[in-house]
Amino acid sequence: MNLDFTQIVPSIPYILEGIWVTIKIVLAAALLGFSLGIILALFKIGRVKVLTWLADAYTSVFRGTPLVLQLLIIYFGLPQLIGFEIDAYPAAVLAFGLNSAAYISEIIRAGILAVDKGQREASLALGIPYKRMMKDIILPQAMKNILPALMNEFITLTKESAVVTVIGAMDIMRRAYIVGGQTYRYFEPLILAGLIYYIMVIGLTLLGKAVERRMRKSD
């Protein structure tokens, strides 16, 4: 086996710098996806048929098409419509955030519907407004139930963020590919990139379990 990891040692700091690019994209996309996901979930369980249809259509489109296609449409196709180019970072955040919102909306919808109906009936009987009931009573209970699923979506988003390399964002994968081109050795830097992603996912998994245990104790 013609492997020599010593040749990429000088490039390790360069590849590691991509972690911060990945983290910035993932955090911004997760925030966008979570915020939009809540709105879509409320539309889906609401009584306004038009909003329910729009939310279901949105989810169907973003779950039914490849993420990389959505990213390429936003980065390469959208400038054709709006008349100016979009940088790689906002394009990635927008694509990942919109895509994640479709999945998160289904998770939140299921969590809301899993809350005991008696909670809603008691709130209405006490005259609590719908918005306040959802914000202070239903959603907090739903979040406790869906935390593992939300954490899993965040982990998936972290791994899928690697596709930003196709639009030139200088994330972990892109930097590993550049190092491979400079050294004519692709296996070693790509393995290093895989190890970095693996460590990040393990860290997120442990964080999720810690938060889950803390929430159980607070019950």
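Dividing the summed helix terms, -39500 (n - 2.57) for each DSSP H run of n ≥ 4, by the number of residues in the chain produces a 222 nm estimate of -24500 deg cm²/dmol to the nearest 500.
In whole percents, the pair-distance distribution calculated for the range 133-192 from its alpha-carbon pairs, binned every 10 Å from zero, is 20, 29, 19, 16, 11, 4, 0.
Applying a length cut-off of 20 Å (Cα extent along the axis) and a mean Kyte-Doolittle floor of 1.0 to the DSSP H helices of the chain leaves 18-45, 88-114. Within the listed set Asp56, Asp87, Asp136, the residue fluctuating most in the Gaussian network model of the chain (springs between alpha-carbon atoms under 10 angstrom) is Asp136.
Each Lys or Arg adds one and each Asp or Glu subtracts one; over the other residues with Cβ under 15 Å from the Cβ of Gly64, this totals -1.
Between Val48, Val201, Val21, the GNM of the chain built on Cα springs shorter than 10 angstrom shows Val48 fluctuating the most. In summary, the lysines within cross-link reach of Lys135, defined as a Cα separation below 17 angstrom excluding same-chain residues under 8 places away, comprise Lys44, Lys117, Lys144. Under conditions of 25 °C and 0.890 mPa s, the range 1-160 yields 136 µm² s⁻¹ as its translational diffusion coefficient, taking Rh as the Kirkwood radius over Cα pairs in the Stokes-Einstein equation.
The calculated FRET efficiency for Asp56 paired with Tyr130, based on their beta-carbon distance and R0 = 30 Å, is about 0.90. Each peptide in 92-101, 189-198 gets a packing score, the mean of other Cβ atoms within 10 Å over its residues, and the list from highest to lowest is 92-101, 189-198.
How high is the relative contact order of the chain? Use alpha-carbon pairs under 8 Å, at least six apart in sequence, and give a whole percent. Relative CO of the chain lands at 29 percent. Packing, as the average of other Cβ atoms within 10 Å across residues, places the peptides 112-118, 171-177, 159-165, 139-145 in the order 171-177, 159-165, 139-145, 112-118, highest first.
Name the residue, out of Leu206, Leu71, Leu31, whose mean-square fluctuation peaks in a Gaussian network model built on the chain with Cα pairs under 10 Å. Sorting by GNM fluctuation, first place goes to Leu206. Other residues with beta-carbon under 13 Å from the beta-carbon of Thr22 carry, at +1 per Lys or Arg and -1 per Asp or Glu, a net charge of +1.
Computed from the coordinates by the stated procedures, all read-outs in this text should not be read as laboratory data. None of the values given here were measured: they were computed from a predicted structure. Methodologically, a virtual Cβ is constructed for each residue, glycine included, from the backbone with ideal geometry; neighbour enumeration extends over all protein chains shown.
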